[in-house]
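The values are calculated or read from the model by the stated rules, or taken from the named source; none is laboratory data. All figures in this text were calculated on a predicted structure; none of them were measured in a lab. Quick reminder, even Gly has a Cβ in these numbers, built from the backbone with ideal geometry, and neighbours come from all protein chains shown. Heavy atoms of the whole protein, side chains included, go into the accessibility calculation; ligands, DNA and RNA do not. Shrake-Rupley method; radii C 1.70, N 1.55, O 1.52, S 1.80 Å.
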Amino acid sequence: MRIHVVDHPLVAHKLTTLRDKRTDSPTFRRLADELVTLLAYEATRDVRTEQVDIETPVTTTTGVRLSHPRPMVVPILRAGLGMLDGMVRLLPTAEVGFMGMVRNEETYEAHTYATRMPDDLSGRQVYVVDPMLATGGTLVAAIRELINRGADDVTAICLLAAPEGVEVMERELAGAPVTVVTAAVDERLNDDRYIVPGLGDAGDRMYGTAG
């Protein structure tokens, strides 16, 4: 597994505002969307392309376009939905799948309650988006599902990561074709498995606390 921390002043600036507890939900959603687009730019450096001949107003030339099968973006519900627009803005021709996952607050294990994507992802590059890589359990379960369906190149895009979660992914997904792209790896997890200093519960801060 590879991990790439995006070191850019605009990324750091937007992340700082996301961390601030005074940032309201509309601002949080907008900044998360902007930050995801910056992270996606780095995450798609190795997106697969093929050559294509085109005719410009002046002459003919050779360019590139995204290869088939098209890449797939998979947000993990619910907080991952807040990252979807930022991804498809950069990859407008990508297809979109969904995975609904919930964490057991006693065992901290992730359980899948819904999926909406092709059974066969053979040859696909998949970009799975989830704001927080905390314990790693949710992303490990999601990525295993994608690989079981045939995905051969998976990139997880997260706003923040904890070292404990990174360690779990490196152990549980050893040898798998996985890359993690994030804005920062923070200090640690606290006793409630929240990232420190972190930014709180990303889903609650995007959408409120309604159950």
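So for region 75-98 (the condition being closer than 22 Å to Ala161 by Cβ, among the acidic types (Asp, Glu) and within 14 Å of the chain's Cα centre (by Cα)), does at least one residue qualify?
yes
Sort out which residues of region 109-134 are open to solvent by less than 30 Å² (accessible area, probe 1.4 Å) and hydroxyl-bearing (Ser, Thr, Tyr), and write them in order of number.
Of everything in region 109-134, just one residue is open to solvent by less than 30 Å² (accessible area, probe 1.4 Å) and hydroxyl-bearing (Ser, Thr, Tyr), namely Tyr127.
Looking at region 148-169, which of the residues that are modelled with pLDDT of 95 or more and of a type in the set (D, E, K, R) is surrounded by the most Cβ atoms within 10 Å (Cβ to Cβ)?
Glu164
Please enumerate the residues belonging to region 23-54 that are aromatic (Phe, Trp, Tyr), buried (at least 16 other Cβ atoms within 10 Å of the Cβ) and without any contact (Cβ under 8 Å) to a residue 60 or more places away in the chain.
Kept after step one, since they are aromatic (Phe, Trp, Tyr), are these residues of region 23-54: 28, 41.
From what's left, buried (at least 16 other Cβ atoms within 10 Å of the Cβ): 28.
Hits for region 23-54: nothing passes.
Give me the pairs: first residue in region 7-18 and in a helix (DSSP H, G or I), second residue open to solvent by less than 30 Å² (accessible area, probe 1.4 Å), beta-carbon distance under 6 Å, and six or more apart or on different chains, which are they?
What qualifies is Val11/Ala183; Lys14/Leu31; Lys14/Leu35; Leu15/Ala183; Thr17/Thr23; Thr17/Leu31; Leu18/Leu31; Leu18/Leu199.
Going through region 174-197 one residue at a time, which ones are part of a loop (DSSP other than H, G, I, E, B) and in contact with a helix residue (DSSP H, G or I) (Cβ under 7 Å, 6 or more places away or on another chain)? I'd like the intermediate steps shown before the answer.
Narrowing region 174-197 to residues part of a loop (DSSP other than H, G, I, E, B): 174-177, 183-184, 186-187, 190-194, 197.
Matches in region 174-197: Ala176, Ala183, Ala184, Pro197.
Residues Met72, Met83: which one is in contact with a helix residue (DSSP H, G or I) (Cβ under 8 Å, 6 or more places away or on another chain) and open to solvent by less than 60 Å² (accessible area, probe 1.4 Å)? Before the answer, list the steps.
Values: Met72 fails: in contact with a helix residue (DSSP H, G or I) (Cβ under 8 Å, 6 or more places away or on another chain).
Every option except Met83 fails the conditions.
Condition check: touching a His at 6+ places or on another chain (Cβ under 8 Å) and either at positive phi or surrounded by 13 or more Cβ atoms within 10 Å (Cβ to Cβ) (or both). Does Met101 satisfy that?
On the way: touching a His at 6+ places or on another chain (Cβ under 8 Å): yes; either at positive phi or surrounded by 13 or more Cβ atoms within 10 Å (Cβ to Cβ) (or both): yes.
Spelling it out, Met101 is indeed touching a His at 6+ places or on another chain (Cβ under 8 Å) and either at positive phi or surrounded by 13 or more Cβ atoms within 10 Å (Cβ to Cβ) (or both).
For residues that are touching a strand residue (DSSP E or B) at 6+ places or on another chain (Cβ under 8 Å) and part of a loop (DSSP other than H, G, I, E, B), tally how many sit in region 47-62.
Here the count works out to 2.
Of everything in region 68-93, what is assigned to a helix (DSSP H, G or I) and not β-branched (Val, Ile, Thr)? Give them in sequence order.
First, the residues of region 68-93 that are assigned to a helix (DSSP H, G or I): 79-90.
Within region 68-93, Ala79, Gly80, Leu81, Gly82, Met83, Leu84, Asp85, Gly86, Met87, Arg89, Leu90 qualify.
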